[in-house]
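The values are calculated or read from the model by the stated rules, or taken from the named source; none is laboratory data. Only a predicted model underlies this, so the values are computations on that prediction, with no experimental measurement involved. Because the Cβ atoms are built from the backbone with ideal geometry, glycine has one as well, and the counts that use them run over all protein chains shown.
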Amino acid sequence: MTDRTSEFLAKAATEPVQLSIRDLLAIWGFRYRDFDSVGRIQRDLAAAGLCCEPSFADGPMRGMVSVGALPKREVSQGDRAGEGMPSAATDEGTTQAPEEDAQLILPQVAWLVSDVPSATAGVRHVHPSATLAQAQQIMMENGFSQLAVMTGPTELKGAVSWEDIAKARISRAQVSLADVIDRFPKVVYADERLLDQLDIIFAAGFVFVRDRNDCICGIVTNADLTGRFDDLTTPFFQLGEIERRVRHCIGAVFSLEELRQVTGRSALRSVDDMMFGQYQHLLDDPDRWQRMDWALDREMFIEHLDDVRKARNHIMHFGARPLSDSQKHRLAKFLDAMRYLDPQA
């Protein structure tokens, strides 16, 4: 724990501290919310007898939270045994680490236009006095389909696109930048709800974004929306298929009574009631692994299964950043492997 973190915890124990979620993460040296960062901060807060209201695991990064001391009765029930976070009890009185199987945490606030990364990433632009050749070169070099025409940070004079250029050249041989500028491009505000603007964005193909100071701060295209939703939805479907195939393989080999003994849950009704970490515990035993009759290395498989568990817990916190390219690759490859192991599922 850093000096900055310790100082913050000591101050919050004396009097509540209000700050943004982004600033709270920064105190621990994190830039994003994910399974590891959220869990680390929650454990440190609990160990110090502190709580955060509302939860920093949800809501926009600029949202404000208050960190202060827990009521005395909660402190006495909490870390007395040295536990940083409360554990979830099973029906047999055994405990399961809370990070074992994170539940889906849906956002408590609406997505904003600013939640699309490109909406606040800035824009390239040309001045109205520029030549069409200059505008085309910027678009070509950067792979842009459209380009802002501006005279200042707040002064959007229009937009030029490859589509408008092509249309203009059909009717005339010589075309200037002024001939192809769309004087009324669609504009939305960063703080508007994203879902309310989807029809506008899809119909126009792109919109420019203004911030609270009326400055043009970014652009959102149909491709940006597709990429954003793909980042969020694809892992859900992949994880669902992986878990279904793992369960199918386990259920084909082990009886319900055996699964109850392994999990310590006498009320277990089927393999579908097992938690993800319990798949690992089941298959990590050499004797049980041998019964699967897979020509694979047990330790490597369990390591890969643990990668999937971490990715699962990461995306279950819906407001977390998308998976990294490395995580996406490992998830896709493990799904491919499970399709070979369980081709009938």
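Below is a table of values for the structure above.
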| read-out | value |
| --- | --- |
| Restricting the stretch 21-49 to residues that are crowded, with 16+ Cβ neighbours inside 10 Å and small (G, A, S), the residue that is nearest to S324 (Cα to Cα) | S37 |
| Pair list, Cβ under 8 Å, 6 or more apart: the stretch 183-204 residue touching a residue at least 60 places away in the same chain (Cβ under 8 Å) and closer than 13 Å to I219 by Cα, other residue assigned to a helix (DSSP H, G or I) and small (G, A, S) | A190/S114; A190/A119 |
| Enumerated helices (runs of 4 or more DSSP H) restricted to the stretch 257-345, each holding at least 2 residues that are touching a residue at least 24 places away in the same chain (Cβ under 8 Å), surrounded by fewer than 17 Cβ atoms within 10 Å (Cβ to Cβ) and touching a helix residue (DSSP H, G or I) at 6+ places or on another chain (Cβ under 9 Å) | 298-316, 325-341 |
| Residue in the stretch 169-186 that is part of a loop (DSSP other than H, G, I, E, B), buried (at least 19 other Cβ atoms within 10 Å of the Cβ) and not aromatic (F, W, Y) present | yes |
| Tally of residues being in contact (Cβ under 8 Å) with a residue 24 or more places away in the chain and either outside the structural domain of D182 (by TED's automatic domain parsing) or of a type in the set (A, V, I, L, M) (or both) across the stretch 125-169 | 11 |
| Criterion: modelled with pLDDT under 90 and more than 28 Å from P117 (Cα to Cα) - qualifying residue of G240, G319, G277 | G277 |
| Close pairs (6 angstrom Cβ cut-off, 6 or more residues apart or separate chains): within 17 Å of A47 (Cβ to Cβ) in the stretch 1-29, modelled with pLDDT of 90 or more and assigned to a loop (DSSP other than H, G, I, E, B) anywhere | T5/W28 |
